[in-house]
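One structure below.
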Amino acid sequence: MDKSALIYVAGHRGLVGSAIVRALKADGYTNIITRSHDELDLTDAAATQAFFSAEVPQYVFLAAAKVGGIVANNTYPADFIRQNTAIQLNVIDSAWRAGAKRLLFLGSSCIYPKAAPQPMKEDYLLTGPLEATNRAYALAKIAGIEMCWSYNRQFGTRYLAAMPTNLYGPNDNYHATNSHVIPGLIRRFHEAAKDGTPRVSVWGSGKPRREFLFSTDMAEACIKLMTSDDAVFDRLLQTERSKTDFIPPLVNIGSGVDLTIQELAEAIKATIGYKGEIVFDPSLPDGTPRKLMDISKIAEFGWRPKVGLTEGLKLAYADYLSTLDVSSSG
């Protein structure tokens, strides 16, 4: 990408999109366009197409999505599949109509089967049943991958799907019930420490293993993919075989390291300085037993994550505290 190329980041206020915008600016890209939800509702097909027709971005990072943890996914499955499929359909189709040179679609590791071999390779897509608690969201993201692949095959577009592992970092969602595990636990341990609560209850048995990646590392990987030369990018798109073989244009982005939810809870407890007890509730769902990404494909680019979990949790906690400062000052 030329430093002055017109780049559209969809979902720039979220965890993923904001990290990509910061990374682009840090790398010297000067022509980044964004729209808030109030300015542009991406579930509105006509509005999305009008935006693309007027702006004609050359490169698109599709990070806009409705996201949430187990509780949110289990409670609002219709919202998750409806809103995410609408956003993907409108942005990908409008990008094609506007002649975008490249598009990077951001998905999720939940696209892989619940019982997939570990670590999970890109080839494991659609090889088994999905985790039930977030099936609607996973199917929406799988549809997004299929859209990229189908437009590439039929129209010659150059759209790539990147599947990040569990992300955390600045601009995360710290909602009491609808957040992902790290921001949710940061809030709960902080409030317990502030209120002197003797114990914090954590969903499930604590035994499932999860992989986590700081959002800044994810953003750098995305830019590395989008700025690769044509020959490398075409290999990622699998252009030589994808018209006949099941080889989607898909790349995993992860840390390559996992830990149990119990170990994660202990790490967050230590980061915040909470002195009470952690209690696990096995009557509540664990989700997938293990989710570890195979990152050999992205590692071939020379990319590796820089922010370890200990450092990342400190940065994430500082971000959470900054949201409290804003709330109190408001």
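The values are calculated or read from the model by the stated rules, or taken from the named source; none is laboratory data. Being a predicted model, the structure only gives us computed values, none of them experimental. Heads up, the Cβs are rebuilt from the backbone with ideal geometry, glycines too, and the neighbour counts pull from every protein chain shown.
Apart from one condition, G68 fits all of (1) over 22 Å from E146 (Cβ atoms); (2) touching a residue at least 40 places away in the same chain (Cβ under 8 Å); (3) more than 15 Å from the chain's Cα centre (by Cα); the exception is (3).
Among residues that are closer than 26 Å to S18 by Cβ, within 16 Å of the chain's Cα centre (by Cα) and of a type in the set (G, A, S), A136 is included. State which residue is farthest from L62 (Cα to Cα) when the search covers only the stretch 114-145 and only residues that are surrounded by 18 or more Cβ atoms within 10 Å (Cβ to Cβ) and among the polar types (S, T, N, Q). This residue is T133. Among the criteria (1) over 20 Å from G169 (Cα atoms); (2) part of a helix (DSSP H, G or I); (3) at pLDDT 95 or above; (4) not hydroxyl-bearing (S, T, Y), the one E220 does not fulfil is (1). The residues in the stretch 114-133 that are in a helix (DSSP H, G or I) and either within 24 Å of V71 (Cα to Cα) or more than 18 Å from the chain's Cα centre (by Cα) (or both) can be counted, and the count is 4. If you filter the stretch 130-145 down to residues that are at pLDDT 95 or above and not hydrophobic (A, V, I, L, M, F, W, C), you find that the one that is nearest to Q238 (Cα to Cα) is G144. For the stretch 202-217, filtering for residues that are part of a helix (DSSP H, G or I) and among the acidic types (D, E) leaves 1. Elements of the type helices (runs of 4 or more DSSP H) sitting completely within the stretch 259-330 and holding at least 3 residues that are out of contact with any Asp or Glu (no Cβ under 7 Å at 6 or more places or on another chain) and buried (at least 17 other Cβ atoms within 10 Å of the Cβ): these cover 261-272, 309-329. Residues in the stretch 147-176 that are part of a loop (DSSP other than H, G, I, E, B) and in contact with a Gly (Cβ under 8 Å, 6 or more places away or on another chain): 7 in all.
If we keep just the residues of the stretch 92-111 that are in a loop (DSSP other than H, G, I, E, B) and at pLDDT 95 or above, which is surrounded by the fewest Cβ atoms within 10 Å (Cβ to Cβ)? The residue in question is G99.
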